[in-house]
Amino acid sequence: MEIVNLIRMANRIGQFFDAMPDRPEALEGVTNHIQKFWEPRMRTELLDFLALSPDGDAGEEQLHPLVLQAVTQHRERLTPLARVA
């Protein structure tokens, strides 16, 4: 999946949770949603993008600030576990 599409999807999640008055709860909501509903390869692609672009700027799209903070703070939790063969 293209990173621009992932950013758009993540931003929709961020916009939804940004309406919450409690910032920690909103961050947790974004993290939980991405962890539960995104495939491991989608999470990996987003995390790899942020490793190269820590500001979340992909040129034509930029990560919503709430998403950027959530993914940055919870990187370890969002990193898919390596499969053991």
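The values are calculated or read from the model by the stated rules, or taken from the named source; none is laboratory data. Here the structure is a predicted model, which is why all the values come from computation and not from measurement. Here the Cβ is made from the backbone with ideal geometry for all residues, glycine too, and neighbour counts use every protein chain on show. The area values use the complete protein model at the heavy-atom level, side chains included, leaving out ligands, DNA and RNA. Shrake-Rupley method; radii C 1.70, N 1.55, O 1.52, S 1.80 Å.
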With a 10 Å radius around each residue's Cβ, average the other Cβ atoms per peptide and rank 35-42, 61-68, highest first.
-> 61-68, 35-42
What does the accessible area of Thr79 come to, in Å² to the nearest 10, when a probe of 1.4 Å is used?
-> 60 Å²
In nm, the gap between the two label points placed 7 Å beyond Cα toward Cβ at Arg23 and Ala51 is 2.9 nm
Before rounding to the nearest 500, sum -39500 (n - 2.57) across all DSSP H runs of length at least 4 in the chain and divide by the residue total; then give [θ] at 222 nm in deg cm²/dmol.
-> -20500 deg cm²/dmol
So for the pair Arg77, Gln35, with labels modelled 7 Å out along Cα→Cβ, what separation do we get in nm?
-> 0.4 nm
Using a 1.4 angstrom probe on heavy atoms only, work out the carbon and sulfur share of the accessible area of the chain in %.
-> 54 percent
Given the Cα atoms of the chain, and with Rh set as the inverse mean 1/r over their pairs in the Kirkwood sense, what is Rg to Rh to two decimals?
-> 0.96
